[in-house]
């Protein structure tokens, strides 16, 4: 039997079901990132917790079928698998009702975690799991052992507070956020007008090497160690935007694992984020060639360096 591949990325946090008007779909940012990393050919692991219900069993089956290991899943015998009631408004924005408490609010530290983190180049975490003390304490302990720390901020009122967010920012090597989240956080400290000034403020205050801001239909911008790069995005017909940002982050990390520059990683991430927005749900079926095809069709859409 061949040995299992080394886990290049460890994702930590919520797994759940998005309950949409059209039905239930698997979701949760860390799970989505792990799913897309695997689809792209990387080898992720996912630390999370599910209930004993059918929702939990279905998540295990879905991820196993996708080739994502469920070895680090914990089982909660008291609380249910996470549910989020999601509604899409007229502006294609998703409004969430995140059920509390859920199994993923109670992720425990386990003795196998340090060895797992040691072999992984990247550790992906979000802010949502800091809403409850048990998962928050486990996250802080994991951050003490992790290598490159990737914070995918996820500000969902009322499930965050400033003190916890600042602690998570202080740990981050790479930070991904959207424009509204950037404006909210920088508003705590100052009221810069330009996006570049806001990005610099967060990077300088929290010593973050790489900061990515997604701009919806207008693309994305990254500041990597003082160098700004911007991508104008890809024009596609949107089915829904659920999971688009998570696939973006997976694409960015996958490219860094392959040795790409932040600028090239931004272009690829923009392509997969746009492609996933053409599909229903966060974890659709697709192949890498479809992302490459989108890039080739938009070969005149390029990144630019912002001075």
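How many percent of all Cα-Cα pairs in segment 56-140 sit more than 21 Å apart?
Working: 1574 of 3570 pairs.
Tail fraction, whole percent: 44.
Ignoring everything except DSSP H segments at least 4 long, calculate the 222 nm mean residue ellipticity for the chain; use -39,500 (n - 2.57) per segment, divide by total residues, nearest 500. It would help to have the intermediate numbers written out before the result.
Values: 10 runs with 115 residues, N = 307.
Result for the chain: -11500 deg cm²/dmol, rounded to the nearest 500.
Say R0 is 30 Å: what FRET efficiency, to the nearest 0.05, do residue 288 and residue 155 get from their beta-carbon distance?
On the way: r = 31 Å, r/R0 = 1.04.
Using R0 = 30 Å, I get an efficiency of 0.45.
R0 = 35 Å: FRET efficiency of residue 52 with residue 173, Cβ-based, nearest 0.05?
Details: r = 36 Å, r/R0 = 1.03.
Plugging the Cβ-Cβ distance into 1/(1 + (r/R0)^6) gives 0.45.
Just rank 167, 283, 11, fewest to most, by other beta-carbon atoms within 10 angstrom. Don't skip to the answer; put the middle values down first.
Numbers: 167 15, 283 25, 11 34.
Going from least to most buried by this count: 167, 283, 11.
Could you tell me what percent of the DSSP beta bridges with both partners in segment 12-107 are antiparallel, to the nearest 5? Let's see the in-between values first.
Numbers: 10 of 19 bridges.
Within segment 12-107, antiparallel bridges account for around 55 percent of the total.
Kindly give Rg over Rh for segment 114-257, based on alpha-carbon atoms, with the Kirkwood expression for the hydrodynamic radius.
Numbers: Rg = 15.1 Å, Rh = 15.9 Å.
My calculation of the ratio gives 0.95.
Percent of alpha carbon pairs in the chain separated by more than 32 Å? Mind dumping the intermediate values first?
Working: 9561 of 46971 pairs.
Across the chain, Cα pairs with separations above 32 Å total 20 percent.
If each residue's Cβ is checked for other Cβ atoms within 10 Å, how do 238, 9, 33, 84 rank with the fewest at the top? Numbers along the way, then the final one.
Details: 238 13, 9 25, 33 32, 84 22.
Final ranking by Cβ density, sparse to dense: 238, 84, 9, 33.
Any chance you could run the full-extension gain for residue 108 through residue 66? It's 0.36 nm times the residue separation minus the Cα-Cα distance, nm to one decimal.
12.6 nm
Between residue 261 and residue 100, what is the FRET efficiency for a Förster distance of 35 Å, r being their Cβ-Cβ separation, to the nearest 0.05?
FRET efficiency, residue 261 to residue 100: 0.30.
Where in segment 174-214 is the amide nitrogen less than 12 Å from a point lying 7 Å along the Cα-to-Cβ axis of residue 140?
Within reach of a label on residue 140: no residues.
Every read-out reported here was derived from the displayed coordinates using simple, explicitly stated rules and does not represent laboratory data. All values derive from a computational prediction rather than experimental measurement. Neighbour counts are summed over all protein chains in view; Cβ atoms, including those assigned to glycine, are modelled from backbone coordinates with ideal geometry.
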